[in-house]
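Taking it in order: structure first as structure tokens, then the write-up.
The numbers here are math on the coordinates, done by the rules we state, and not lab data. Everything numeric in this text was worked out from a predicted model, so none of it was measured. Every residue, glycine as well, gets a Cβ built from its backbone with ideal geometry; the counts of neighbours run over all protein chains shown.
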Amino acid sequence: MPTQSAVQHHFPLQSLNTFGIAAYAQRYLRVDSVERLRAALADPALAALPRLVLGGGSNLLLTGDVAGLVLHIAIEGRAIVGGDDDYSYVRAAAGENWHGFVQWTLAQGLGGLENLALIPGTVGAAPIQNIGAYGAETQDLFHSLTAFDPASGATIVIDKAGCRFAYRDSYFKHDGGRDLIIVDVTFALPKRWRPNLRYAELAQALAEQGMAAPTAQQVADAVIAIRRRKLPDPQAIGNAGSFFKNPLVSGEQCARLLERFPGLVHHRQADGGEKLAAGWLIDQCGWKGRSLGAAGVYAQQALVLVNNGGATGADVTRLAAAIQADVEARYGVRLEPEPVFV
Ligand code: EPU
């Protein structure tokens, strides 16, 4: 049996965050099993440190060195754990790479997660952020998860209602849920699978290829092609995906904006509110492709901020603040960052 990896001091995090920001963790520990996680946090000295739970580091902006403990969740494993008339149930450990897991489900002949192909990060982070793309969100396929509660040392199972999913939001970003450490996630994948082509750009891409009835793999391939075209590969250009959430505004506010800006991109929500395309707002303010120091706005998608090389968290924060100020001055809408600032 491999030995418990030791706690590292002043550990470099540059390769562990997709923005590629150079910063250090005061203490760092990589855990590859629930038992090791439990053992580590049973040490009162470690448990007392402020803690940053790290997965794929793809939704993170490091604004400086991290005081306390960076706990890197590297627990692996995935399996089909059951089925009934309607669903196949698949479970993956929190440290599994998300896209690797999606590809694995497709290789098992199980559709459902294909619209979420190629999203960077880990399985454990997916429910925290309720990751979504191309007409699907984690919550649509989610069944339950197991979380480790450092306060009690116990693991607990949380169902869909308990996760309080919302747009890029969940219980795990709020009091009560914030301290829990997700160790595995179970998804319910529909046996009577049908392609989800709600997202116009995806439907159009498949139609252009003459695919009236695509397979789940074909949908995944189309999603991958769109993402490759519009979003920078973090291996090549540091970034954390969309830097801002698409703002939710009231129907009245949207109507007022449309009078002045007829091209405004908006999507009606079930509650009568409207979701605005932050990328469009930023683009209209002239920020697309522009840089401020070593941080820039991606030339193909204005919602993505990039590290042009050597950017610090302060560079990115300065650029983000300038964009927020311009968008607010012109549209009266405050953009809220999507990544976690540490
Ligand atoms: N737009 C512009 N200029 C831009 C960017 C976008 O005018 O520079 C317009 C587009 O033409 C389109 C609209 O804004 O009409 C929306 O753009 P897009 O389809 O690219 O999607 P998004 O709203 O910018 C969201 C998610 C992405 C997800 C895509 C696809 C958020 C914050 N972002 O982006 O998620 O991949 O939809 O579903 O909800 C992420 O969260 O990190 C992420 C990449």
Exercise. Would you grab the residues whose amide H sits under 5 Å from the one on N308? Only those 5+ places off in sequence or on another chain, please, with H modelled 1.01 Å from N.
Key: A295, G296
Quiz item: For the chain, list the DSSP H helices whose alpha carbon atoms reach 24 Å or more along the long axis and whose average Kyte-Doolittle value is -0.5 or above?
Solution: 313-331
Practice problem: Would you pull out the residues with amide H under 5 Å of Y87's amide H, same chain only if 5 or more places away, H placed 1.01 Å from N? | Solution: K191
Self-check item: Net lengthening on full extension, T317/S250 (0.36 nm per residue, minus Cα-Cα)
Solution: 21.3 nm
Practice problem: Give, rounded to the nearest 20 debye, the magnitude of the charge dipole that region 188-278 has about its Cα centre when Lys and Arg contribute +1 at Cβ and Asp and Glu contribute -1 at Cβ. | Solution: 220
Self-check item: In order through region 176-182: 3J(HN,Hα) via Karplus (6.51 cos²θ - 1.76 cosθ + 1.60), integer Hz, x for Gly, Pro
Solution: x, x, 4, 7, 6, 10, 6
Self-check item: Karplus 3J(HN,Hα) series, Hz, for region 13-30 with 6.51 cos²θ - 1.76 cosθ + 1.60 (x for Gly, Pro)
Solution: 10, 4, 7, 9, 10, 5, 6, x, 8, 7, 7, 10, 9, 4, 9, 9, 9, 9
Self-check item: Distance in nm between pseudo-label sites at E201 and D179 (7 Å out along the Cβ direction from Cα)
Solution: 4.1
Exercise. Tabulate in residue order the Karplus-calculated ³J(HN,Hα) for region 276-293, using 6.51 cos²θ - 1.76 cosθ + 1.60 with θ = phi - 60°, rounded to whole Hz; enter x for Gly and Pro.
Key: 9, 7, 4, x, 5, 4, 5, 4, 4, 7, x, 8, 4, x, 8, 10, 9, x
Practice problem: Give the order of I156, I131 when sorted by the count of other beta carbons within 10 angstrom, beginning with the fewest. | Solution: I156, I131
Exercise. Would you mind classifying region 1-51 by shape? Square roots of the alpha carbon gyration tensor eigenvalues, ordered a ≥ b ≥ c; an a/c under 1.5 is rounded, otherwise it is prolate if a/b is larger than b/c and oblate if not.
Key: prolate
Quiz item: In cubic angstrom, how much convex hull volume per residue do the alpha carbon atoms of the chain span?
Solution: 148
Practice problem: Only loop residues by DSSP count here, and only those with at most 16 other Cβ atoms within 10 Å; note down the trypsin sites (Lys or Arg not before Pro) in region 146-185 that meet that. | Solution: R178
Exercise. Run through all the Cα pairs of region 42-135 and give the fraction in each 5 Å bin from 0, expressed as whole percent.
Key: 3, 12, 19, 20, 17, 11, 8, 6, 4, 1, 0
Exercise. Would you please give the FRET efficiency between D43 and R260, computed as 1/(1 + (r/R0)^6) with r the Cβ-Cβ distance and R0 = 56 Å, to the nearest 0.05?
Key: 0.45
Quiz item: Which value in nm describes the separation of the simple spin-label points at V340 and K160, placed 7 Å from the Cα toward the beta carbon?
Solution: 2.5
Quiz item: Taking only pairs that are 8 or more places apart or on different chains, how many Lys pairs in the chain have Cα atoms under 16 angstrom apart?
Solution: 4
Exercise. Starting from the Cα gyration tensor of region 214-321, take the square roots of the eigenvalues, sort them a ≥ b ≥ c, and report rounded, prolate or oblate (rounded when a/c is under 1.5, otherwise prolate if a/b is larger than b/c, else oblate).
Key: oblate
Exercise. Sort F101, F11 so the one with the fewest other Cβ atoms within 10 Å of its own Cβ comes first.
Key: F11, F101
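Multiply the residue separation of I80 and R290 by 0.36 nm, subtract the distance between their alpha-carbon atoms, and state the gained length in nm to one decimal. Numbers along the way, then the final one.
Details: separation 210, 0.36 × 210 = 75.60 nm, distance 4.61 nm.
Value of the extension gain: 71.0 nm.
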Practice problem: Starting with the fewest neighbours, write out F341, F243 ranked by other beta-carbon atoms found within 10 Å of each beta-carbon. | Solution: F341, F243
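Which loop chymotrypsin sites (Phe, Trp or Tyr not before Pro) in region 143-196, with loop taken from DSSP, have no more than 16 other Cβ atoms within 10 angstrom of their Cβ?
On the way: sites: F148, F165, Y167, Y171, F172, F187, W193; in loops: F165, Y167, W193.
Qualifying residues, ordered by number: Y167, W193.
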Quiz item: Between A107 and Y167, 0.36 nm times their residue separation minus their Cα-Cα distance comes to what?
Solution: 18.7 nm
Quiz item: Looking only at G100, G56, G273, which one moves most when the chain is put into a Gaussian network model with springs between Cα atoms under 10 Å?
Solution: G273
